[in-house]
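The values are calculated or read from the model by the stated rules, or taken from the named source; none is laboratory data. For clarity, every value in this text was computed on a predicted model and none was experimentally measured. Cβ sites come from the backbone with ideal geometry, for glycine too, and all protein chains shown count toward neighbours.
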Amino acid sequence: MPLLLVGNGCIRGNASLRLRDFVERTGVYSLNTFMAKGVISDKSERHLQTIGIKEADHALIAMKEADLVITVGYDLVEYSPKNWNKSLNKKIIHIDFTPAEVDTYYPPTIEIAADIGFTIDAILDELEKEEKSKNMNIKELLYEKEISVLFKSIKKEVVQRIETFKDDDFSYPIMPEKLVSYARSALHENDIVISDVGAHKLWIAKIYNTYAPNTCIIPNGFCSMGFALPGAISAQLARPNQKIVCMCGDGGFLMNVQELETAVRLQLPIIVIVWCDLDFGMISLKQISEFGRSAFTKFNNPDFAKLAQSFGAIGYNVKSTSEFPKILEKAKESTSIPVIISIDVDYSRNRILLADDFRG
Ligand SMILES: Cc1ncc(C[n+]2csc(CCOP(=O)(O)OP(=O)(O)O)c2C)c(N)n1
């Protein structure tokens with residue numbers, strides 16, 4: 001019952017396509033960390049998508065069942081192994097450019113510290129020889145029937161959760177799922193979403209379907225608010241022909257808002273979507289879960305449309321869920337001016353980020 005855990009090293013090491021071959025050839029089920037979104041396409045039926053929020057990760061059920069975890073390009077800081085190997089009962093194969101870090105919950109059975117692409121090729125070559133000599137097909141050997149059924153049902157559930165509120169065009173403030181779904185459908189497969197740090201990041205990690213490596217960039221581990229706006233500026237400079245969408249909380253956007261000057265001066269048509277809740281949402285969520293209430297997290301916002309205009313950018317304040325996709329379409333037409341879109345988000349949904357069984 002193997003499961004592949006894909007980490008950011010696959011993207012850094014340019015090994016995503018090799019890994020896709022491996023998955024295709026072996027039929028192994030896979031998961032990725034926040035920072036490895038898109039290495040395996042979320043369209044793949046055997047890809048159980050993104051993990052990284054502990055109790056809110058439906059796909060952790062698959063992790064519990066797996067007796068072998070093959071990690072590829074996985075750095076422990078991306079998602080602590082304590083969350084998936086607490087009882088130390090799994091075998092681990094570690095494939096990365098560097099040897100595994102020492103950690104109580106991460107004692108690899110086998111380590112392959114080498115170029116990831118070459119390693120995958122070498123494994124596939126050996127596999128082919130083995131299959132030929134023994135006249136077998138590895139795909140048919142993997143997974144008992146029950147596990148296949150379970151993993152299939154996990155995939156179905158993950159997809160259903162992403163599609164929650166798909167048809168909710170009316171309630172405002174907008175549901176996080178709806179916001180992400182509009183953004184997904186407005187963008188091409190190779191356009192780039194860059195997330196800042198906060199509750200919005202967890203939503204994006206969890207539900208933004210990603211189909212190609214380096215198209216959903218999320219800082220994790222030591223992650224600093226204010227990253228997304230300068231990150232989007234550099235992404236647009238590096239990829240002038242792709243649409244770049246920067247997603248920020250209202251708190252994080254205001255931490256580095258001066259960089260709008262840079263984006264305007266360099267004539268970069270980035271789109272910035274500011275998720276507004278007048279609160280450091282992630283912090284109040286944690287405070288409420290820990291202490292039952294939040295304290296000292298609330299603040300007021302400026303008029304974001306006017307703020308954008310004062311920098312020479314284009315600004316919109318969304319007033320209803322149904323006008324959001326129209327504003328997004330208009331924003332996409334800009335070829336040399338940054339566009340700032342502020343939108344009120346229903347953060348009461350954040351409860352779901354703490355527990356997987358919440359269905360309200
Ligand atoms: C520079 C910096 N300061 C503080 C933190 C701790 N922190 C993490 S999330 C967060 C709140 C983010 O609020 P906001 O940007 O409004 O996003 P939301 O959580 O509401 O989506 C804070 C203060 C951080 N990660 N980086």
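Those residues that are outside any helix (DSSP H, G or I), more than 11 Å from Leu268 (Cβ to Cβ) and either among the hydrophobic types (A, V, I, L, M, F, W, C) or within 14 Å of the ligand (Cβ to nearest atom) (or both), I need them from the stretch 229-251; list them, please. Scanning the stretch 229-251 gives Val245, Met247, Cys248, Gly249. Count of the stretch 256-283 residues, restricted to those that are in a helix (DSSP H, G or I) and either crowded, with 22+ Cβ neighbours inside 10 Å or touching a residue at least 24 places away in the same chain (Cβ under 8 Å) (or both), is 9. Just one of the listed residues (Glu130, Glu177) is in a helix (DSSP H, G or I) and more than 16 Å from the chain's Cα centre (by Cα), and it is Glu130. Filtered by the rule that a residue be within 14 Å of the ligand (Cβ to nearest atom) and of a type in the set (Gly, Ala, Ser), the stretch 187-215 gives Ser195, Gly198, Ala199, Ala205. Filtered by the rule that a residue be assigned to a loop (DSSP other than H, G, I, E, B) and either under 15 Å from Trp275 (Cβ atoms) or modelled with pLDDT under 95 (or both), the stretch 298-329 gives Phe299, Asn301, Val318.
Annotation for the stretch 291-298: no member residue is crowded, with 19+ Cβ neighbours inside 10 Å and either under 22 Å from the mean Cα position of the chain (by Cα) or more than 16 Å from the ligand (Cβ to nearest atom) (or both). Of all the numbered requirements in (1) touching a residue at least 60 places away in the same chain (Cβ under 8 Å); (2) within 11 Å of the ligand (Cβ to nearest atom); (3) touching a Gly at 6+ places or on another chain (Cβ under 9 Å); (4) of a type outside the set (Asp, Glu), Ile337 misses one, and that requirement is (2).
Restricting the search to strands (runs of 3 or more DSSP E) fully inside the stretch 68-127 and requiring at least 2 residues that are touching a residue at least 24 places away in the same chain (Cβ under 8 Å) and surrounded by 14 or more Cβ atoms within 10 Å (Cβ to Cβ) gives 68-72, 91-96.
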